[in-house]
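What follows is a set of notes on a single structure, which appears directly below.
Computed from the coordinates by the stated procedures, all read-outs in this text should not be read as laboratory data. These figures come from a predicted structure and were not determined experimentally. For neighbour counting, all protein chains shown are included, and Cβ atoms are generated from backbone atoms with ideal geometry for every residue, glycine included.
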Amino acid sequence: MIVPVILLTLVASAPPTDESPDARPPVIVRTLHMNPEKPREIIGWWVGPEGMIEVSSDGRYRRWPTVDRFAVPQEHGRWHRENHAVFWLEPYTIPKVPRRRAALWLRDDALMTDLSGDDRPFAWRKTPPSIPADDLIGIWEGEGGILEFTPDRRYRWSAPEADLPAMLAGQRGIWSLGPEGRLAITPMLATREPVITVATRDGKGRIVGLRSPAGILTRRPPPAPAESVDGDATKMKSQRSEKKAEASTTS
């Protein structure tokens with residue numbers, strides 16, 4: 001049996017609430033009063049106490065019991081929109097189960113949905129909520145070699161040198177972060193020891209360093225976003241205008 005190694009625990013405390021007891025009640029717009037001429041975007045992420053749902057532009061959806069989108073989804077299916085105020089989720093299950101109705105409404109202009117079968121509503125977000133695993137995804141490098149964590153919960157490590165027989169082939173496996181931020185590394189081969197032995201964190205609890213038998217690894221900074229073609233064209237147009245202005249001034 002393969003037993004993953006638990007590296008380190010991150011304990012997070014809930015922030016204190018600053019909500020005043022005299023705060024005004026939220027403005028609620030119920031499903032029947034949603035404006036049909038201004039349908040709201042539903043593609044994105046729906047987050048609530050019952051978990052998280054990703055509604056994709058390709059007509060599919062995924063659902064998790066928590067906000068950890070790197071975990072295995074508990075449900076897959078397809079969705080379709082009935083009108084400006086209602087859409088449906090149909091799970092891919094055998095035996096087939098009834099589809100679920102998602103009724104849209106607004107709370108202070110925040111888009112919400114009541115999903116049939118769930119007790120509490122979901123709130124729409126354009127992007128998924130930030131989680132500790134976001135600080136892990138990517139390439140880590142250093143004297144300890146090169147290690148890549150991918151969103152499908154897999155990792156691949158390459159040794160810095162080929163003179164150590166146990167490290168010739170590197171290592172592949174599966175990673176996971178537990179509810180308390182514990183990083184678990186499970187090699188694909190049961191005879192291998194996990195390549196990462198220690199995860200170090202900063203004062204905010206973020207993983208900032210990993211240790212392999214060969215040394216320390218740190219995360220490679222993500223590449224800068226590429227400048228769009230429109231941005232380049234605007235910049236060139238601005239430069240030409242500046243040159244014309246300089247020429248007219250000197251003439």
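Restricting to DSSP loop positions (anything but H, G, I, E, B) with no more than 12 other Cβ atoms inside 10 Å of their own Cβ, which GluC sites (Glu not before Pro) remain in the stretch 29-117?
E37, E41, E82
With a 10 Å Cβ neighbour count serving as the proxy for reagent exposure, in which order, fewest first, do T191, T113 appear?
Final ranking by Cβ density, sparse to dense: T191, T113.
Looking only at the stretch 24-38, which residues have a backbone nitrogen under 18 Å from a spot 7 Å from the Cα of R120 in the C-beta direction?
Of the residues in the stretch 24-38, 26 have backbone N under 18 Å from the label point off R120.
Could you tell me the convex hull volume per residue, in Å³, taken over the Cα atoms of the stretch 131-219?
86 Å³
How fast does the stretch 28-125 diffuse by Stokes-Einstein, in µm²/s, taking the Kirkwood radius from C-alpha pairs at 37 °C and 0.692 mPa s?
It comes out at roughly 240 µm²/s.
Only loop residues by DSSP count here, and only those with at most 15 other Cβ atoms within 10 Å; note down the trypsin sites (Lys or Arg not before Pro) in the stretch 27-98 that meet that.
When the trypsin sites (Lys or Arg not before Pro) of the stretch 27-98 are filtered for loop state and at most 15 Cβ neighbours within 10 Å, R30, R40, K96 remain.
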